[in-house]
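Just below is one structure, and these are the notes that go with it.
Bear in mind these aren't lab numbers, they're just calculated from the coordinates by the rules spelled out. Everything numeric here is computed off the predicted structure, so don't read it as measured data. Reconstructed Cβ throughout: ideal geometry from the backbone, glycine too, with neighbour counts over all protein chains shown.
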C-alpha cells in the first residue's frame, strides 16, 4: 500500500491495523492450542478457550474504538462493518481513500 493512495497510512494509523491483526492472531493461536490440549488431562482447554474469547473480544472492541477519522468523530471500523457486506468490510477498510463518514480525502490535508 502506498501512502499517497491509502487514507489510513496517510493519517498514521496503520499501526492500529497491525496491532489488531496481532491480537486476532493471538486469539487464533490460543484456540489452536486449546484444541490440541483436548487429548491431555487437566483444565488447559477451558483456560485457553476463555483466554482466546477474552483476547478476541478485547481486540475487536479496541479496534472499533481506536481507528478514527482525525477530522470527524467517526469510528471507521464500526462505520465499515455497518455499511459493507461481511465478506468485504476489512478489505474495503484497508483500501480507504477517504473517510466513509465525512468524505475527507487525502488532498485535504490535516
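Against the main long axis of the alpha-carbon atoms of the chain, helix 44-66 sits at an angle near 10°. Counting beta carbons within 10 Å around each of 48, 80 and listing the fewest first gives the order 48, 80. The stretch between residue 21 and residue 105 holds 27.7 nm of extra length on full extension. This uses 0.36 nm per residue minus the Cα-Cα distance. In the chain, helices alone account for a calculated mean residue ellipticity at 222 nm of -18500 deg cm²/dmol, with every DSSP H run of four or more residues adding -39,500 (n - 2.57). Ranking of 77, 19 by neighbouring Cβ atoms within 10 Å, starting from the fewest: 19, 77. Per-residue extension of 0.36 nm, minus the Cα-Cα distance of residue 14 and residue 98, leaves a gain of 28.8 nm for this segment. Shape of region 7-94 from the C-alpha gyration tensor: prolate (a/c of 1.5 or more and a/b above b/c, with a ≥ b ≥ c the square roots of its eigenvalues).
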